[in-house]
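Okay, so here's the structure we're looking at.
The values are calculated or read from the model by the stated rules, or taken from the named source; none is laboratory data. Everything numeric in this text was worked out from a predicted model, so none of it was measured. In this analysis, Cβ positions are derived from the backbone assuming ideal geometry, glycine residues included, and neighbour counts consider all displayed protein chains.
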There are 2 protein chains.
Amino acid sequence: MAMDHAAAEGDHLAAERAAARFDVEAMKVAWAGSRHAVDVADRMARLVASDPVFRKDNRTMLSRKDLFKDTLRKAAHAWKRIVELRLTEEEASLLRQYVDQPGYVDLHWGMFVPAIKGQGTEEQQKKWLPLAYKFQIIGCYAQTELGHGSNVQGLETTATFDPKTDGFVIHSPTLTSSKWWPGGLGKASTHAVVYARLITEGKDYGIHGFIVQLRSLEDHSPLPGVTLGDIGGKFGSGAYNSMDNGVLRFDHVRIPRDQMLMRLSQVTREGKYVNSDVPKQLLYGTMVYVRQSIVADASKALSRAVCIAVRYSAIRKQFGSQDGGPETQVLNYRTQQSRLFPLLASAYAFRFVGDWLNWLYTDVTQKLEAKDYSTLQEAHACTAGLKAVTTSATADAIEECRKLCGGHGYLNSSGLPELFAVYVPACTYEGDNVVLLLQVARILMKTVSQLTSGKQPVGTMAYMGKVQHLMQSKCAVKTAEDWLNPAFIQEAFEARALRMAVNCAQNIGQAANQEEGFYERSPDLLESAVAHIQLIIVTK
Amino acid sequence: MAMDHAAAEGDHLAAERAAARFDVEAMKVAWAGSRHAVDVADRMARLVASDPVFRKDNRTMLSRKDLFKDTLRKAAHAWKRIVELRLTEEEASLLRQYVDQPGYVDLHWGMFVPAIKGQGTEEQQKKWLPLAYKFQIIGCYAQTELGHGSNVQGLETTATFDPKTDGFVIHSPTLTSSKWWPGGLGKASTHAVVYARLITEGKDYGIHGFIVQLRSLEDHSPLPGVTLGDIGGKFGSGAYNSMDNGVLRFDHVRIPRDQMLMRLSQVTREGKYVNSDVPKQLLYGTMVYVRQSIVADASKALSRAVCIAVRYSAIRKQFGSQDGGPETQVLNYRTQQSRLFPLLASAYAFRFVGDWLNWLYTDVTQKLEAKDYSTLQEAHACTAGLKAVTTSATADAIEECRKLCGGHGYLNSSGLPELFAVYVPACTYEGDNVVLLLQVARILMKTVSQLTSGKQPVGTMAYMGKVQHLMQSKCAVKTAEDWLNPAFIQEAFEARALRMAVNCAQNIGQAANQEEGFYERSPDLLESAVAHIQLIIVTK
């Protein structure tokens, strides 16, 4: 919004930058986390930008087939560079981030390997991880089915133990049991961790993970009984069309018993189902980890969109010239500011709440290892809710940034259509946002119901213990400047969240029964959960 | 939400349909406008669906080049069928609607021909229209430039009259003056109506339209001095990528004087600028017409999205099974209903406000012909505001419908990603929604300022005359049922809109000057304009 000489001569970006009233270098370090992080990021960004194999300018112009081939080429080249340059794990992960093209390797490293690490026995890890690390096998994560996604307990694929052959029979009994969506499944993967209902001795023990080979290691053709395919085009010109999201059906496919992931529970040679002494709560740790990384990604995606829209707004001039002089920079319009600046602020807020969530993950992990489960539920509500609120806000914000660039935002060359199309599935994967917020609401309702019994809520729910005060407090703000006082803001958010939760609880209490009440009030419960999570974002 | 036998057996759609508590056939007729309209629409829809040339199933899988060729093929085939079957204008227009693939013909018929009809003299119409009707020339509408869109007065292309050659010199003096976006320009058009600043006798007379030939009628190559190109990929897999949105630059291109569209003003042989006796207000009539058709299209797009999301919600089952019985249809969740049903209601509301706007257009046209301009400003506010509110709401609603279909909405095969990508530019073209709403707000502020002088507001602003009552009235609603009383709803919307407008006017009054106040309060003014338009939608 600077109006000096540089602006008059047309270099609006330089003028705006010169007008910054904070230390840009210090902010860079704060954003990245450390000087070291800035340096590594810069180095990896330059490595990608200077390598013609990683070019991005033609991504939205390729046919689906050529785009997929391009993704394979980039993944192989990235692997080659990682090995050649002996990159650290941190560097390799950043390099892949800057290549920035969804592909099968994301699932191989992001889901297949962690699933074996988290749910496999030491023996299983020793057998499978070296194969995965050397890319001698390519793995994906086959959980979601045509009929069930967020409702994992509803999955229909079966893994029936057959004591005669000492193995499991993997089968797709219905059309809706077809695995549907897994990335890397359609074309690339040789193996998958498949989630299926474990059935032994005639009893259904619910969903468990199994390592299943899908394609021949000789000629990459599907193994007998395995039907595979790509599920087709997706939102956007490029976006997730670089990914071979797939469909998979099993017709009585046999695997050896030791390909059940057996860290938490086992099936014995005789077919007995046995729990190990490893606590099942450890699985929550993985979920917290995955979701905290989604929150971190939200701020990255949002900051890219906001950066494009802010720069555009500084350069674009429109209207406002009354005497033939220069027009007004779009950035100077209050209507543009009132839409754009809250998104800019959100990018920072999500960045720092992501850091805090990272701390929470460490904290939860340490407590789990010490078999202390006291904060697990609250931590689960936190990560589930933050995942939902930040991804929804980010998807909406990218689209808003696109609109803030006027017609130009609709061109792929603005970068925004692709950023939106590639980001928006985050609202659905790893738990649909509505489903997650209802889980948060359940925990909120439980906490409210325990307030009268004197049980003190913990962690991010501690404020609910101030129920007496917050139900009656009046906003202390007298002047506009008062809103700059964090204590006033915090109390306003606390009072709002608590009152919404108490109100929901009272309304549910009037229903015939708890479940009916929860059902009838679910739209209010969603809003209540969002208010609680927004309080966390504001205060962390 | 029916729970009968059919549902138990899995045919949820049949069960839901059987449970309808209104006459479906009567609703069909009400929606289409008449029995005749239903019949024609059915006939044209079948004609398109049964013709393999018009297939749509591969649209999102084609490369950009093949998609463009496919569009050319469909446009030519549609023309052939229209001629062969001697379709009426109504039938031909519906057939093109059902082909439903943006292409150069949309601009030829929708903008080029109407511009000549509206702004050309009788002589010009006699010369150019037969060529256009027989497709001996293909026309587009070259208004928007790289630097200016909604701000038409800021366009920079010049048309300088040269008395020596009795013609105009069309020129692009700056980079930002490049024509940018016009559909049909990149590849197809031979001619364009070009908007440029008319300069004669050294004076700039502002923006006027000129018919300019761009490409050779022999070999389709650009004429000397004309630089043409395609501006590249756009949002979505198919969507507007079937359209050759283009860039156009002129290097002193000469056209004869009689290619200026001269119905409203002329340049004489000597270079004198003369206004004709045709009132300029007639141009507003065209704008009202185009915008009322955009509102009608909003309800069409929205109804398609809602239809997909409602059907999906009826078929998709998830959670809710406590005893191994069937799961709950997603449609039965309050959270789904509270998001989906308002969109369903909006589709109907936009449908019927579109009808009313069509009446308004007829009314305005008749008044203009009688040189009565008394309602023009109010009608302009109405159409501009309704264009903005319905297109923004529809774009958001299509995206919401996509999310309501969970992960499946992200697949192109759901139809929703493409529907969104092809619809969303409606928020920008024919006037950016923010710009339009600020125009509405200006008229609202003017109306408020005249209230004290006793000038009675007209048409959709008549309610503002009840200022004394509405500023003090209390909502009469006592029970939930009261909200079904249209009079209560209307008064609530009236009171809201008026109070927001009066509040804005008061705040503006406190500023140093009117312009400064309008600038500072522009975010509130936007909301005030939306409230006024929502009242119109609720009551018409």
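Before we move on, is B:K367 more than 14 Å from chain A (Cβ to nearest Cβ), without any contact (Cβ under 8 Å) to a residue 60 or more places away in the chain and either of a type in the set (V, I, T) or surrounded by fewer than 22 Cβ atoms within 10 Å (Cβ to Cβ) (or both)? Please lay out each step first, then the result.
Details: more than 14 Å from chain A (Cβ to nearest Cβ): yes; without any contact (Cβ under 8 Å) to a residue 60 or more places away in the chain: yes; either of a type in the set (V, I, T) or surrounded by fewer than 22 Cβ atoms within 10 Å (Cβ to Cβ) (or both): yes.
Yes: the conditions hold for B:K367.
Here is a check on your reading of the model: is A:H220 assigned to a loop (DSSP other than H, G, I, E, B) and free of Cβ contacts under 8 Å to residues at least 60 places away in the same chain? Write out each step before concluding.
Numbers: assigned to a loop (DSSP other than H, G, I, E, B): yes; free of Cβ contacts under 8 Å to residues at least 60 places away in the same chain: yes.
When the stated conditions are applied, A:H220 passes them.
Considering only segment B:405-427, how many residues are more than 9 Å from every other protein chain (Cβ to nearest Cβ) and part of a helix (DSSP H, G or I)? First the steps, then the outcome.
Here is the first cut: in segment B:405-427, the ones more than 9 Å from every other protein chain (Cβ to nearest Cβ) are B:405, B:414-415, B:419, B:422-423, B:426.
Applying the additional criterion that residues be part of a helix (DSSP H, G or I) yields B:414, B:419, B:422-423, B:426.
Total satisfying the criteria: 5.
For segment B:163-172, state whether one or more residues are within 26 Å of B:R269 (Cβ to Cβ), touching a Pro at 6+ places or on another chain (Cβ under 9 Å), free of Cβ contacts under 8 Å to residues at least 60 places away in the same chain and not in a helix (DSSP H, G or I). Even if it seems obvious, please write down each step before you answer.
Pass one, segment B:163-172, residues within 26 Å of B:R269 (Cβ to Cβ): B:163-171.
Right, trim to touching a Pro at 6+ places or on another chain (Cβ under 9 Å) and you get B:165-168.
Subsequent filtering for residues that are free of Cβ contacts under 8 Å to residues at least 60 places away in the same chain retains none.
No, the conditions are met nowhere in segment B:163-172.
Condition check: in contact with an Asp or Glu (Cβ under 6 Å, 6 or more places away or on another chain) and among the charged types (D, E, K, R). Does B:D244 satisfy that?
On the way: in contact with an Asp or Glu (Cβ under 6 Å, 6 or more places away or on another chain): yes; among the charged types (D, E, K, R): yes.
Considered against the rule, which asks whether it is in contact with an Asp or Glu (Cβ under 6 Å, 6 or more places away or on another chain) and among the charged types (D, E, K, R), B:D244 comes out as yes.
Scan B:G459, B:G454, B:G517 and give me the residue that is at positive phi and either crowded, with 17+ Cβ neighbours inside 10 Å or in contact (Cβ under 8 Å) with a residue 40 or more places away in the chain (or both). Reasoning before the result, please.
On the way: B:G454 fails: either crowded, with 17+ Cβ neighbours inside 10 Å or in contact (Cβ under 8 Å) with a residue 40 or more places away in the chain (or both); B:G517 fails: at positive phi.
Answer to the check: B:G459.
Go over the candidates A:Q468, A:Q439 one by one and state the one that is surrounded by fewer than 21 Cβ atoms within 10 Å (Cβ to Cβ) and either over 21 Å from the mean Cα position of the chain (by Cα) or in contact (Cβ under 8 Å) with a residue 60 or more places away in the chain (or both). Steps first, please.
Numbers: A:Q439 fails: either over 21 Å from the mean Cα position of the chain (by Cα) or in contact (Cβ under 8 Å) with a residue 60 or more places away in the chain (or both).
Exactly one residue qualifies, and that residue is A:Q468.
Are any residues in segment A:228-240 of a type outside the set (K, R) and facing another protein chain (nearest Cβ under 7 Å), and if so, which ones? So that I can check it myself, show each step before the final result.
Initially, segment A:228-240 is screened for residues of a type outside the set (K, R), giving A:228-233, A:235-240.
Once the filter is applied, which keeps residues that are of a type outside the set (K, R) and facing another protein chain (nearest Cβ under 7 Å), segment A:228-240 yields A:I231, A:G232, A:G233, A:F235, A:G236, A:S237.
For every residue, the table says whether it meets (1) farther than 16 Å from B:G238 by Cβ; (2) of a type in the set (A, V, I, L, M, F, W, C).
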{"position": "B:D66", "(1), (2)": "no, no"}
{"position": "B:A76", "(1), (2)": "yes, yes"}
{"position": "B:A92", "(1), (2)": "yes, yes"}
{"position": "B:R96", "(1), (2)": "yes, no"}
{"position": "B:G103", "(1), (2)": "no, no"}
{"position": "B:F112", "(1), (2)": "yes, yes"}
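With the structure loaded, tell me whether A:E90 is among the acidic types (D, E) and closer than 30 Å to B:Y312 by Cα or whether it fails that test.
On the way: among the acidic types (D, E): yes; closer than 30 Å to B:Y312 by Cα: no.
Spelling it out, it is not the case that A:E90 is among the acidic types (D, E) and closer than 30 Å to B:Y312 by Cα.
Does B:A298 count as at pLDDT 95 or above, over 26 Å from B:R197 (Cβ atoms) and either touching a Phe, Trp or Tyr at 6+ places or on another chain (Cβ under 7 Å) or surrounded by 15 or more Cβ atoms within 10 Å (Cβ to Cβ) (or both)? I'd like the intermediate steps shown before the answer.
Working: at pLDDT 95 or above: yes; over 26 Å from B:R197 (Cβ atoms): yes; either touching a Phe, Trp or Tyr at 6+ places or on another chain (Cβ under 7 Å) or surrounded by 15 or more Cβ atoms within 10 Å (Cβ to Cβ) (or both): yes.
In short, yes.
Across segment A:183-207, what is the total count of residues that are of a type in the set (S, T, Y), without any contact (Cβ under 8 Å) to a residue 60 or more places away in the chain and assigned to a strand (DSSP E or B)?
Of the residues in that region, 1 qualify.
How many residues are within 14 Å of chain B (Cβ to nearest Cβ) and at pLDDT 95 or above when one looks only at segment A:483-520?
Looking only at segment A:483-520, we keep the residues that are within 14 Å of chain B (Cβ to nearest Cβ), and these are A:504, A:507-508, A:511, A:513-520.
Now restrict to residues that are at pLDDT 95 or above: A:504, A:507-508.
The total comes to 3.
Given the residues A:R334, A:R351, which is the only one that is surrounded by fewer than 21 Cβ atoms within 10 Å (Cβ to Cβ), within 10 Å of chain B (Cβ to nearest Cβ), on the phi < 0 side of the Ramachandran plot and touching a helix residue (DSSP H, G or I) at 6+ places or on another chain (Cβ under 8 Å)?
On the way: A:R351 fails: within 10 Å of chain B (Cβ to nearest Cβ).
None of the others qualify; the one that does is A:R334.
Output the residue which, of all residues in segment A:166-183 that are touching a helix residue (DSSP H, G or I) at 6+ places or on another chain (Cβ under 9 Å) and more than 17 Å from A:V247 (Cβ to Cβ), is surrounded by the most Cβ atoms within 10 Å (Cβ to Cβ).
Going through the qualifying residues, I end up with A:F168.
Checking A:K446 against (1) more than 11 Å from chain B (Cβ to nearest Cβ); (2) in contact with a Cys (Cβ under 9 Å, 6 or more places away or on another chain), which single condition isn't satisfied?
(2)
Out of B:E90, B:E84, report the one residue that is in contact (Cβ under 8 Å) with a residue 24 or more places away in the chain, closer than 29 Å to B:Y141 by Cα and loosely packed, with under 15 Cβ neighbours inside 10 Å.
Working: B:E84 fails: in contact (Cβ under 8 Å) with a residue 24 or more places away in the chain.
Checking each option against the conditions leaves just B:E90.
Would you point out the residue of segment B:11-62, among those that are under 22 Å from B:L419 (Cα atoms), at pLDDT below 90 and buried (at least 16 other Cβ atoms within 10 Å of the Cβ), that is farthest from the other protein chains (Cβ to nearest Cβ)?
So the residue we want is B:R59.
Name the residues in segment B:227-247 that are crowded, with 19+ Cβ neighbours inside 10 Å and part of a strand (DSSP E or B), would you?
Step one: filter segment B:227-247 for residues crowded, with 19+ Cβ neighbours inside 10 Å, giving B:228, B:231, B:233-247.
B:L228, B:K234, B:G246, B:V247 - these are the residues of segment B:227-247 that are crowded, with 19+ Cβ neighbours inside 10 Å and part of a strand (DSSP E or B).
For segment B:311-327, which positions are without any contact (Cβ under 8 Å) to a residue 24 or more places away in the chain and loosely packed, with under 15 Cβ neighbours inside 10 Å?
B:S321, B:Q322, B:D323, B:G324, B:G325
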